[in-house]
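Have a look at the structure below, then the notes.
The values are calculated or read from the model by the stated rules, or taken from the named source; none is laboratory data. Quantities reported herein were computed from a predicted structural model and do not represent experimental measurements. Neighbour counts are summed over all protein chains in view; Cβ atoms, including those assigned to glycine, are modelled from backbone coordinates with ideal geometry. Side chains included, ligands, DNA and RNA excluded: accessible areas come from the protein's heavy atoms. Shrake-Rupley method; radii C 1.70, N 1.55, O 1.52, S 1.80 Å.
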Amino acid sequence: MSRQAKLLQVLNEEIVACRKCPRLVEYRERVAREKRFAYRDWTYWGKPVPGFGDPCAQLLIVGLAPGAHGSNRTGRNFTGDRSGVFLYQALYDAGFANQPNAVSRDDGLRLTNLYIAAAVRCAPPDNKPLPSEILNCRGYLERDIDILQPRAVLALGKIAWDVFMGVLKHRGAIPARVAHRFAHGAEVDIPEARLRLFGVYHPSQQNTQTGLLTPAMYAKVLGRVRRFLEQEPRLKVEFAEKKKKMLTRIRRGR
């Protein structure tokens, strides 16, 4: 196990045990007890959802928060709901995932050069976390960043963008959040943090079913992200080596 993997494991165990936000604790656990009728036979996760992916990733995706009957049920980011159906298909098409679907933590999904985290780790009522709850979770995101040291960050939606900008401002990497406004397809170099930030609309049902967000729109941005990561010879070599190691692990059933 690599150093990054060990540090992420420790962090994720701490996240799963977190009870900092009483409102979120009560909601996530109540949903896990009451369940949705379609998932009445499931044992819901009902805890904070840890990060997931390649511990040596150069790309970090930051989402908003777990869905009440998606990640709060399955225990893995964007797994078991319509947002995940859209997102993982896009990641598979872009070469960051080994399969296009995500239904449970043991479905064989693996990510290459990509790690997925969230601004808030517990499912919030109405998908709307409070500012204080976002602040309580910010330290976990900062530790994800410190461990991974990503070359690129992809923010899914305005809240994730603003939270990440808040981290950069807190660290003195940018003078103010308003200097870089969110938009789908936004792209900002942050020299002080040695990374590039990309923005896309969140893959929520509201966005995908109304046509505000299409697969082609995600493909275009993910293509730009991948070209950015591959533009330096050193990065190309590292990406190829990681992909080779991942394929070897898959063949060996690990």
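Annotations for the structure displayed:
- Shape category assigned to the stretch 1-89 from the gyration tensor of Cα positions, a/c cut at 1.5: oblate
- Expressed as a fraction of 2.2 N^0.38 Å, the C-alpha radius of gyration for the stretch 74-173 is 1.13.
- Gain on full stretching of the segment that runs from residue 169 to residue 6 - 0.36 nm per residue minus C-alpha separation: 55.9 nm
- The slack between residue 183 and residue 126, meaning 0.36 nm per residue of separation minus the straight C-alpha distance, is 18.2 nm.
- Accessible area per residue for the stretch 171-217, computed on protein heavy atoms with a 1.4 Å probe, is 59 Å².
- Annotation: extensible slack from residue 30 through residue 98 equals 21.1 nm (criterion: 0.36 nm per residue apart, minus Cα-Cα distance).
- Backbone N atoms of the stretch 19-46 closer than 20 Å to the 7 Å Cα→Cβ label point of residue 82 belong to residues 35-40.
- Over the chain: helical MRE at 222 nm, DSSP H runs n ≥ 4 each giving -39500 (n - 2.57), nearest 500: -14500 deg cm²/dmol
- Answer label for volume of the Cα convex hull per residue in Å³ (calculated), chosen among (i) 124; (ii) 90; (iii) 140: (i)
- Element breakdown for the chain at a 1.4 angstrom probe: carbon and sulfur atoms account for 51% of the accessible area.
- With R₀ set to 30 Å, the beta-carbon distance separating residue 110 from residue 192 gives a calculated FRET efficiency near 0.40.
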